[in-house]
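The block underneath contains the structure these notes are about, expressed in structure tokens.
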Amino acid sequence: MSKRTLMAAASLCATAVMALTACGGEKKADGKGSGDSNSATAEAFKGLSAAQISEKARVAMAKLDSFKVKGAMSTDGQHMTFDFAVAKKGDCQGTFTTGGASAEIRQVGDAAYMKGDEKFWQQMGGEDGSSSKDTDALVEMLKGRWFKMPAQDAKADDKFPFCDIETMFEKDEKEGHLTRKEDTEVNGTPAVTLTGKDGAATQTLLVAAKGEPYALRMTVKGGKEPGSFDFSAFNEPVTVTAPPAGEVMDPDKLKG
């Protein structure tokens, strides 16, 4: 079973979120945009550069106890969607789909579990180079069951990165230039618009201009991994429980 495939959706999410922090370098002040001077956004972050606003958003997100992230992304021509609830203590749960297949993920402490549909396990078996016979056996064995990742994998640096808030929003020393554009709203919340370039990709970050300066939406257009991510449910309780023991596949049975 390919660990690279198992981690694909999580890695994509983290990659895009890290693009936000990569644009946080200190630069000279940018324009404030052309919103109404009497609007809430006109006074938000007054006197701050776009880079400084981005850094405030990064710090605010890193301090969260929990949030939800939902979005879609493409890489190597493959489209992927995901919907996750994440807690600062490392627990998370959610679903992702790719290539017409879907899977659920739960991270509880150091234990990571995945439950895929038949098409998902078929894709994983094929990508891992397994024969049709072995792939069919894998699908039958995991049908309706959770796969628990081996302990050494669950503790590895590349475990589901969207389950670690501090890692997702750690400061990146790479400098990038951001510009503040027209103010907008995200689901009724006033927001400032920050944009920047990363090679062929154009990144846009929408930061809440009311209440805490949370990142509300991140979009990447162009480049190799375009996508869009919405963040919500800030500090709302997230409780993740391990699947019932009788529904979990012992990874040792897949060796050999």
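Got a number for residues in region 82-126 being among the acidic types (Asp, Glu), open to solvent by 40 Å² or more (accessible area, probe 1.4 Å) and not in a helix (DSSP H, G or I)?
4
Out of all the residues in region 197-209, which are open to solvent by less than 20 Å² (accessible area, probe 1.4 Å) and farther than 17 Å from MET61 by Cβ?
ALA201
With the structure loaded, tell me whether SER66 is more than 23 Å from the chain's Cα centre (by Cα), crowded, with 17+ Cβ neighbours inside 10 Å and polar (S, T, N, Q) or whether it fails that test.
no
Across region 49-62, what is the total count of residues that are more than 25 Å from GLU236 (Cβ to Cβ) and out of contact with any strand residue (DSSP E or B) (no Cβ under 9 Å at 6 or more places or on another chain)?
Summing the residues that are more than 25 Å from GLU236 (Cβ to Cβ) and out of contact with any strand residue (DSSP E or B) (no Cβ under 9 Å at 6 or more places or on another chain) in region 49-62 gives 1.
The values are calculated or read from the model by the stated rules, or taken from the named source; none is laboratory data. What you see is a predicted model; the values in this text were computed from it and never measured. A quick note on method: Cβ atoms are made from the backbone with ideal geometry, for glycine too, and the neighbour counts reach across all protein chains shown. Ligands, DNA and RNA are excluded from the accessible area calculation, which covers all protein heavy atoms including side chains. Shrake-Rupley method; radii C 1.70, N 1.55, O 1.52, S 1.80 Å.
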